[in-house]
Every structure is written in structure tokens, then in C-alpha cells.
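Worksheet: the structure to be examined is printed underneath.
The values are calculated or read from the model by the stated rules, or taken from the named source; none is laboratory data. Small disclaimer: the values here were computed from a predicted structure and weren't measured. Glycine gets a Cβ as well: all are built from the backbone with ideal geometry, and neighbour counts include every protein chain shown.
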Amino acid sequence: MTELEKIRVMIVDDIIDTRDQLEKLLFFEKDIEVIAKACNGREAVAFARQYRPDVILMDINMPDMDGISATEAIMSQDSRVQVIIMSVQGETDYLRRAMLAGAREFLTKPISADDLYKSIRHVHKLGATRPKAAPTSSGNDPVAGGGGGGGGTEGQIIAVFSPKGGVGTSSVAANLAVALRQLTNKKVALVDANVVFGDLTVILNLRSDKTIIELAQRVEELDRDLINDVLATHTSQVKVLLAPPDPQRGELVTAEHIRAILEALRREFDYVVVDTPASFQDRSLAVLDLATRIVTLMTLEMHCIRNIKLFLEVADLLEYPHEKVMLVLNKASNRTGIRVEDVEKNIQRKVVLQIGDAGQDVTFSINQGVPLVISKPTHQMARDVINLARELSPAGSKAGAKGAPGMPAAPVEVAQKPGGLFSRIIKR
């Protein structure tokens, strides 16, 4: 780095000795510069606005305004800044609260010099992958302003789907939506289209009285204001359309409702990620038909491979372009006794990307309600999902209409009442 490219760091701690010690640790690092020190949360919010640091070292327990509240306030005025929370407490509740507030990493005191240096450089590198947006006074209305990325263009609908349940579609969909938001800084919506047994409320620890039912009941009135009112806002600034709390109400949502809702969302968001149920019923087909890309998850289990092969045959019968169906191996492991190369040869389709087997870490993240791309951004599974987001974003997308890079594949046009999978195929 040149002298002008130093990582600008602000230290926030109510204990002066701690502030001075951290500053001394960083003094001899040629690529790091301490530009400000604050003694409490309120001062940190003011200094962040004044000095515009790249990275903030934030103590969690401070009088007047604690580190969690200060982080939330700072992130709302400038989402570009990277916050590292520091605490003498290492409990998971502290970690969860810090990540939900927008912090990138969590360090337990006393902090070693090596951990401090690595964390600062790591979060700064993460921040450098995002477009630098100007601070805004209102971070709570991501739908306001032009739709679908501005200029009246329509956003991409990304269906996360598997013909077999239990392969991790909900977890991948949630992490992918957050990764797209972090990577592109664009407007991202996440839809729980599993209207009978949706999981996103648990995975994201979101609670809302308003769900997809409210949009289905007013499907003729869909506009920006209604969408913004119904969708819940995750701390990552991803807007989430939740499934109903009980199966009975979920059954009231039809394929026509889902089709109309997705069409409305793609006008307002750059990316619409859809957690799609594992079935060929009309509701699932409505999502798959409209999708720009279908992220098709598989695992190295014989019954899943068989279902994937059947789905690919159905996709051909429905005349989905090959580039629309993106085959992704989830829970990738070399301990299953089945090689990816053999599967590719058998199904005559390449696996575009592999997501590592996270096992207990994914379960823990679900139980905590914090996606792994937030709680452990350097985890292999998180890095793999970020790579998937890159593949799906304009800079990384290799699919498109007639193979044009970065261009979405045209959705399949269907009649308003397709009448189910088999009647669709027979008609063709």
C-alpha cells in the first residue's frame, strides 16, 4: 500500500488505557493508521461521521451508549464502514448481537497483536469488494427509488431449488441473498415460496405479523408502498417476504399469486432470491418458469442424484435453456464414496460450483438465527456461497440469453393456468 492507501482505524473504548494500548499495537503497522479515538458510543457515532474511518474497533460494553447501539447507528449512516466488536465476554449471545448489529468480526479481550492485525486487514478487504456508497440519512427504505436496479430495468429472479428435500435450499437461499447484498450493495429481496412449511423466519431470526398472505390478498394492488410495508427488513438490509405462520393459511397462496408477486418484486429489486419448495406442483413451477437462473442443489447421495437426473429431463421437456439451470453441489465432501466426475458423466451435465460441507456450523448458525456469511465470513461454506453470488452477479455471470455474458436468460412464457406439470409436458 502507498501512504495514501492506509487502513483508517478508529478505536472506541471507555477505558483510556485500552485505547492507548490498541493504538500502540497498531503504531508500527505501515498499512494501518489510527485516525481517531472515542470514549463512548455517542462520541463514536459523531467521530465516524466526521473522520470517515475504514475500520472501527468497538468495545461492546460502554456507558451512555453501548457498542451494539453505536454500531447500528454508524451502519445506518454509512454502510461502507467495517466494525470489529471487542468484548471480555465470549458468549454466543454477544456474538449474535454483534453480527446482527452489522459488525464484521468479534474479538474477545485480551486481544493478541496477530489477531488484531489479521482482523483489521480481513474486514477491510471484505469492505473493498463492495461499491463505496455515499452515507445516507435513511437506511431503512431499500425499495425507495427506481426499481430493478434503476432505469426501469427488471431485476433477476434466482430460484434456489432441489427436487429432493433436506439438501439445504433454505440455508443456501438465505446466505446467498445476504452475500449478494454484501457483494453488490444492490437491492435484494428474499422470498420464502415454501408457503406451507417455510424456514426463513427461523434461519434469519425474523418475526413479522405480515407475510406473503398480505400480498396474495391484495394481488391487484401490488405497488412499491405495499411491498415495502409487508416485507421484513433483515439487519443485512435484505428485504424478506416470509411464509405464513401456519400451513392452513399457506394453502391459500396460489401459483397465480406467486407469479404476480414475483413480477412485482423484480420491478423493485435488482435480485430476487426465492427459496423454492422441492416439488413439481404449480407453485414451484411458477417460480421456476419466471426464474432467470435456477440454482439446482444436489448432494452426493444416490436418491438425490436420481431426482436431479429426473429434474434435468423435466427441465428439457419444459424447454428451459441449459444455461438457466445451474447445477450446484451442496455439502460437498470426499467421504461419500461417490465422485463428482462420475455423477457429471452419468447425468451429462457439469457441476458449476461446489459448496463445502459445513455440518454442525450450519446447524449452529440456524439455531442462532445468523447466516454463516455474517457470523463466519471466512468459513469455507461462506466463501463458497460468496463465489456463487459472484457467479450470479453481472460481473461473474457466464449465462444469459444466447450465451451473452451477464445477461439473464429469458423466462419461459406460460399460460396463466398451466394445469400442472404433466399437462404442461403433454401439451408440448
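What the table shows:
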item	result
Exclusive hit being part of a helix (DSSP H, G or I), in contact (Cβ under 8 Å) with a residue 24 or more places away in the chain and surrounded by fewer than 17 Cβ atoms within 10 Å (Cβ to Cβ), set Arg249, Arg283, Arg266	Arg249
Leu329 being part of a helix (DSSP H, G or I) and either under 17 Å from Pro163 (Cβ atoms) or under 27 Å from the mean Cα position of the chain (by Cα) (or both)	no
Those residues of the stretch 382-396 which are crowded, with 20+ Cβ neighbours inside 10 Å and without any contact (Cβ under 8 Å) to a residue 60 or more places away in the chain, in sequence order	Asp384
Qualifying residues in the stretch 252-263 (those that are among the hydrophobic types (A, V, I, L, M, F, W, C) and in contact with a helix residue (DSSP H, G or I) (Cβ under 6 Å, 6 or more places away or on another chain)) - the one surrounded by the most Cβ atoms within 10 Å (Cβ to Cβ)	Ile258
Helices (runs of 4 or more DSSP H) lying entirely in the stretch 1-94 (those with 1 or more residues that are crowded, with 20+ Cβ neighbours inside 10 Å and of a type outside the set (A, V, I, L, M, F, W, C))	41-51, 67-77
Complete set of residues in the stretch 1-56 that are among the acidic types (Asp, Glu), under 16 Å from Gly67 (Cα atoms) and out of contact with any helix residue (DSSP H, G or I) (no Cβ under 6 Å at 6 or more places or on another chain)	Asp14, Glu43
Conditions (1) farther than 22 Å from Glu220 by Cα; (2) surrounded by fewer than 21 Cβ atoms within 10 Å (Cβ to Cβ): number failed by Met298	(2)
Whichever residue in the stretch 196-216 is more than 18 Å from the chain's Cα centre (by Cα) and modelled with pLDDT of 90 or more and, among such residues, is surrounded by the fewest Cβ atoms within 10 Å (Cβ to Cβ)	Lys210
Residue in the stretch 338-353 that is within 15 Å of Asn175 (Cβ to Cβ) and either more than 26 Å from the chain's Cα centre (by Cα) or buried (at least 17 other Cβ atoms within 10 Å of the Cβ) (or both) present	yes
Set Ala216, Ala291, Ala255, Ala264: member being assigned by TED's automatic domain parsing to the domain that holds Val195 and touching a strand residue (DSSP E or B) at 6+ places or on another chain (Cβ under 9 Å)	Ala291
Residue match in the stretch 30-42 (condition: over 14 Å from Val81 (Cα atoms) and touching a Leu at 6+ places or on another chain (Cβ under 7 Å))	yes
Selection count, the stretch 293-323, where residues are part of a helix (DSSP H, G or I) and either in contact (Cβ under 8 Å) with a residue 40 or more places away in the chain or of a type in the set (Lys, Arg) (or both)	12
Qualifying residue in the stretch 227-244 (condition: in a helix (DSSP H, G or I), over 26 Å from the mean Cα position of the chain (by Cα) and on the phi < 0 side of the Ramachandran plot)	no
Tally of residues being assigned to a loop (DSSP other than H, G, I, E, B) and within 24 Å of Gln281 (Cα to Cα) across the stretch 187-221	9
Meets criteria (touching a strand residue (DSSP E or B) at 6+ places or on another chain (Cβ under 7 Å) and buried (at least 17 other Cβ atoms within 10 Å of the Cβ)) for Leu180	yes
